[in-house]
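These notes are about the structure you will find just below.
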């Protein structure tokens, strides 16, 4: 059994219990899940710019210069891929204001939870 199969089984168990499973995954993970039978909503939460992402990561103080460069490169590549296929995500939340972005995300979760409990 692959990691994806194990993770998919866990997500299915959570879904079947009437809960919402929230995953923080990379773009390839989004594609893998889209190719499965899981009923999912795809939400991208992103910084307004790569420059602002860099500032935020530097402020955390958790990245080496090497890991920071890799993360920024990866983020830039992901944005190019997302622009090529805007249907990858059902909703894109630009985190330019933390409180607003958080509220928007929570509102989406509430909508999904209401739909789940009505099934």
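Bear in mind these aren't lab numbers, they're just calculated from the coordinates by the rules spelled out. None of the values given here were measured: they were computed from a predicted structure. A quick note on method: Cβ atoms are made from the backbone with ideal geometry, for glycine too, and the neighbour counts reach across all protein chains shown.
Here are the numbers for this structure:
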quantity	calculated
Cβ pairs under 7 Å, 6+ apart, first in segment 56-80 and on the phi < 0 side of the Ramachandran plot and free of Cβ contacts under 8 Å to residues at least 40 places away in the same chain, second surrounded by 11 or more Cβ atoms within 10 Å (Cβ to Cβ) and in a loop (DSSP other than H, G, I, E, B)	56/47; 57/63; 71/63
Failed item, numbered, when residue 80 is tested on (1) part of a helix (DSSP H, G or I); (2) surrounded by 11 or more Cβ atoms within 10 Å (Cβ to Cβ); (3) under 17 Å from the mean Cα position of the chain (by Cα)	(2)
Tally of residues being touching a helix residue (DSSP H, G or I) at 6+ places or on another chain (Cβ under 6 Å) and assigned to a loop (DSSP other than H, G, I, E, B) across segment 57-77	1
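This table checks each residue for (1) more than 19 Å from residue 112 (Cα to Cα); (2) surrounded by 13 or more Cβ atoms within 10 Å (Cβ to Cβ).
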{"position": "5", "(1), (2)": "yes, no"}
{"position": "15", "(1), (2)": "no, yes"}
{"position": "18", "(1), (2)": "no, no"}
{"position": "26", "(1), (2)": "yes, no"}
{"position": "33", "(1), (2)": "no, yes"}
{"position": "41", "(1), (2)": "no, yes"}
{"position": "53", "(1), (2)": "yes, yes"}
{"position": "70", "(1), (2)": "yes, no"}
